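To start, the structure itself, in structure tokens.
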Amino acid sequence: MLRRGWVSLVLASCSRPAAGPPPPPAPTKIEIPGPNASADPDPSPAVAAPVVPEVREPANAACRIAEKAWSVGALRLTEGGASFGQAVSAPTTLVMPAGQPRAPTAVLEDAMVIVRARIDPGDARVFPRTRITLGGYLVTKPNVSFQWLGGAAGRLRLGVDATAVLSEPPRVDADVSCDALGLNTSQFTARDLITQRTNLPEKRVARDGVGLALERGGAPVARLKAGGRVEIVEVHGADSKILYDGDGYFVFGWVPSVDLHVPPLGIGHGMGLGRLGRRYSSSHRGRTCARDLSLLIEVGSERALVGTVKKGASFLLVEEGAPATDGGEPPARGRRTEPRYQRIALPLVRWLLLDDKARLLIPEDEWKECAAPP
């Protein structure tokens, strides 16, 4: 009986069909492109036009000093770059950056244009609009030569080289409010802050290192050089209040009378100031536009957006055979190219004197929208 069951099990297993071979893979679908399709998915990739740099005001300004007329000999697109011209009696706001001294930005603006330019730090001279006292013992004259040392919001750190008068300190520094500063010399009398008396007796500093105090008997805040001629404002006991007439400033304070000697006869002072400017004019009315136009300046390899030709301002087109562009051959179809520019002249903007190699430009697509000449 057991043998018969085993035989039945073997016969049952042999009667099952064998597993067949795996099915063949599905055929790959082939799509045939239509007659307008391109074998190259991107035959002409777009090329982004280069971004033209822009002359902007510093993001963090210490001072904005405005003048109706200001002159400077070198206007630049970048700090240390080539000069593109000069400004002569131009309406200007000079924007001084905060922190350490570096190239400020001059914003030159009248009813016709706005031009922004970098100025060499050495050309960014500022002057007092009124008398300013530094250190409590130095009063500035209108023509003082300030050293720009830095600044923060609303103030500039300024110094005066006093080595002609003082052995210590060689420079007198102070933080000065922007409201007290201008770009041109002003008219005021600095001496009146110390005394209104004239024809005062004079003496000479007898030795190096004579202490100068703010009050009688006070601690010295500075020390005088020997040989300097001083005026005696007043004498109290063993001390004398003196006034020293320096180059662009007065120094005043109290010194021991024993350290002053009567000077030899003969004293004189002199100073001269002058300014020259150039002007030109044009009878051309030129074109005008019913919108503001972007103004660019190009000099050498530098080109930058500097400001605006204002709505209604007069300008002339300068024909050069073709509008200014960096491109050569026509661009491939579908590709972007650098914007094209038209050279112009601004004959009525008389305060802007361009260098020979500098060019004023406006975007070609902007000037085409302007009105035809009258």
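Beyond 30 Å in Cα-Cα separation lie the following of the pairs K141/K357; K68/K368; K68/K141: K141/K357; K68/K368. Please report how far the C-alpha centroid of region 58-116 lies from that of region 186-211, rounded to the nearest whole angstrom. First find each Cα centre; the distance between them is then 37 Å. Cβ crowding within 10 Å, taken as a proxy for footprinting-reagent exposure, orders M112, M96 from fewest neighbours to most as M112, M96. Taking a ≥ b ≥ c as the square roots of the eigenvalues of the alpha carbon gyration tensor, region 125-265 is prolate, as a/c is not under 1.5 and a/b beats b/c.
Under 14 Å between alpha carbons, and skipping anything fewer than 8 positions from K203 in its own chain: which aspartates and glutamates qualify? Leaving aside aspartates and glutamates fewer than 8 places away in the same chain, those within reach of K203 are E231, E234, D239, D245, D259. Residue-wise HN-Hα couplings along region 350-366, as the Karplus relation 6.51 cos²θ - 1.76 cosθ + 1.60 with θ = phi - 60° gives them from phi, are 7, 7, 9, 10, 7, 5, 4, 8, 8, 9, 8, 10, 10, x, 4, 5, 7 Hz; Gly and Pro carry x.
The rule of thumb for compact globular proteins, 2.2 N^0.38 Å, goes into the C-alpha radius of gyration of region 76-130 1.16 times.
Since every read-out is calculated from the coordinates, none of them should be taken as a lab result. This one's a predicted model, so the numbers in the text were calculated from it and none came from an experiment. Cβ sites come from the backbone with ideal geometry, for glycine too, and all protein chains shown count toward neighbours.
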